[in-house]
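Student: Input: one structure, supplied below.
The values are calculated or read from the model by the stated rules, or taken from the named source; none is laboratory data. As the structure is a prediction and not an experimental result, all values here were calculated from the model. Every residue, glycine among them, receives a Cβ derived from its backbone with ideal geometry; neighbour counts consider all protein chains shown.
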């Protein structure tokens, strides 16, 4: 893969189009002056002096999605000078997935049609109503994301099930109801509705684990497996006080709810992922420490095996 695909982009001179109000972190939509495309700029988290790796996690996930055939947002690592403070902000930019004249409607808005749904920005309370069953109902009749290249007549939920398999592979724990959407034409209501491509994969690949903890776990393989097994789908409906279903078991249930061809397709795509291609991606991305890189590679190896073994 060409090295320039990984190079950070300086977006200091890009115009701020609007502030993104979804979520708790500050983020802005910026306009590329060359192409006029809009990109969402998100900063990394700095906590107790530790800089989290949301930027490289987003970038890695965008390329890993390509290996698995998942329609996903194009991402670049980015920097931006804050004009008020002259501080250089580190983060990532994600290209707008909504085609011209289409609105992006987040899952939280769509789930309001279900009386049991309770919007919960945090992770407590069991996320009532954000269930696979309700999501399948919402996506009934919708088409896969624009430009999807799938070798079968897939439904939108078939593709969404692929998103959950992808989450289980990369250890993405943040597929809440604002992290999936549909695309609807702004004025022509008779036009088809589409599932939006996958986006916001920052909470993956152990992005926030401290390097000393990464190194400790890497020296004992059992500790890595234990870390991966703790990945749970806490953003989906579950019973408070009971064990939360794992990312792998949630992906398995979603694929079992999809069409048989979808299950076969997504598992086959994951089966065909080559370690050499994963390594090329992970070792090409700048801004990662050696423990972070090795930890992420190990997570991908273990979780790929766990997902495939769920059907053995």
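Student: Given 56, 28, 14, 39, which one is crowded, with 17+ Cβ neighbours inside 10 Å and within 30 Å of residue 154 (Cα to Cα)?
Tutor: Answer to the check: 39.
Student: Could I ask something else about it? Only one of (1) in contact with a strand residue (DSSP E or B) (Cβ under 7 Å, 6 or more places away or on another chain); (2) surrounded by 18 or more Cβ atoms within 10 Å (Cβ to Cβ); (3) part of a loop (DSSP other than H, G, I, E, B) is not met by residue 146, so which one is it?
Tutor: Tallying (1) in contact with a strand residue (DSSP E or B) (Cβ under 7 Å, 6 or more places away or on another chain); (2) surrounded by 18 or more Cβ atoms within 10 Å (Cβ to Cβ); (3) part of a loop (DSSP other than H, G, I, E, B), residue 146 fails exactly one: (2).
Student: Taking residue 127 as the residue in question, decide whether it is out of contact with any helix residue (DSSP H, G or I) (no Cβ under 8 Å at 6 or more places or on another chain), in the same structural domain as residue 238 (by TED's automatic domain parsing) and either under 18 Å from residue 244 (Cβ atoms) or not in a loop (DSSP other than H, G, I, E, B) (or both).
Tutor: The answer is yes for residue 127.
Student: Return a yes/no flag: does the range 102-114 have any residue that is assigned to a loop (DSSP other than H, G, I, E, B) and more than 30 Å from residue 5 (Cα to Cα).
Tutor: yes
Student: If the requirement is being in contact with a strand residue (DSSP E or B) (Cβ under 8 Å, 6 or more places away or on another chain) and in the same structural domain as residue 171 (by TED's automatic domain parsing), which of these qualifies: 302, 281, 285?
Tutor: Answer to the selection: 285.
Student: Further question: Where residues in the range 68-96 are touching a residue at least 60 places away in the same chain (Cβ under 8 Å), assigned to a loop (DSSP other than H, G, I, E, B) and in contact with a strand residue (DSSP E or B) (Cβ under 7 Å, 6 or more places away or on another chain), which of them is surrounded by the most Cβ atoms within 10 Å (Cβ to Cβ)?
Tutor: 70
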